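Here's the structure, in structure tokens; my notes come after.
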Amino acid sequence: MKYAPRKVFILENDMYIELSYKEFCRRRENDKTYEDKLFIPVQGCLIETDRKNYIEFYRDRERQNYLKKLDKKVGLLSIDAFDKEDEKATDLMTSEQEDIVSVVVNKMELIKLRDSLHRLSESERELIILHFYMDIPQTELAKIYGINQSNISRRIKKILAKLKKIMEI
């Protein structure tokens, strides 16, 4: 345990009794039934509880920790932000809206790219997939195809130019 609680409350005969932490530790060493007891920390004290409340307490705590990490990572927007005089609510909403627009545009471009890849010949599509999707460097592709790296580079440039024309249609 990281800290010694100020007090420990134990259920006995449907009533809580208050113990010092030293007394609790002594009882836990001498009485094996204390090993099965579940406790939750509340304001520097430990309080005995049943399994349902114990699980619920720690599930809620885990969720709060997750939300704090998420807030640090993404910078969640709170309602309090709309009350600030130096920021306009529309500015806050617009920046988020632009992100959504760019996500949709990127998704549409990826769909168009996938459709365009199907218009390439089998060998052209294979080379593009090996290099860009499977991250195989041009030097390794040259060994696979039995040609030098500069020829692989020229082929890839030629295929990319063809893809660009297909996508512009």
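The values are calculated or read from the model by the stated rules, or taken from the named source; none is laboratory data. Please read all numbers here as calculations on a predicted model, not as lab measurements. Heads up, the Cβs are rebuilt from the backbone with ideal geometry, glycines too, and the neighbour counts pull from every protein chain shown. To get the accessible areas, we keep the full protein, side chains included, count just its heavy atoms, and leave off ligands, DNA and RNA. Shrake-Rupley method; radii C 1.70, N 1.55, O 1.52, S 1.80 Å.
Looking at the structure I just gave you, is E96 at pLDDT 85 or above and among the charged types (D, E, K, R)? Answer is no for this residue.
A quick yes/no check of all residues on (1) open to solvent by 100 Å² or more (accessible area, probe 1.4 Å); (2) in contact with a Ser or Thr (Cβ under 9 Å, 6 or more places away or on another chain); (3) modelled with pLDDT of 90 or more:
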residue	(1), (2), (3)
A4	no, no, no
V8	no, yes, yes
C25	no, no, no
N30	yes, no, yes
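For the residues E109, E62, the requirement of being out of contact with any strand residue (DSSP E or B) (no Cβ under 6 Å at 6 or more places or on another chain), within 30 Å of A161 (Cα to Cα) and at pLDDT 85 or above singles out E109.
Checking each residue in region 140-169 for being within 39 Å of the chain's Cα centre (by Cα) and of a type in the set (S, T, Y) picks out only S153. Looking across region 26-65, the residues that are over 16 Å from V8 (Cα atoms) and of a type in the set (S, T, N, Q) come down to N30, N53, Q64, N65. Selection of first residues in region 49-64 that are surrounded by 10 or more Cβ atoms within 10 Å (Cβ to Cβ) and of second residues that are part of a helix (DSSP H, G or I), restricted to Cβ pairs under 9 Å at least 6 apart or on distinct chains, gives the following pairs, ordered by first then second residue: T49/F57.
Here I169 does not qualify as surrounded by 10 or more Cβ atoms within 10 Å (Cβ to Cβ) and not charged (D, E, K, R). For region 24-61, which positions are outside any helix (DSSP H, G or I) and among the hydroxyl-bearing types (S, T, Y)? Residue satisfying the conditions is T49 alone.
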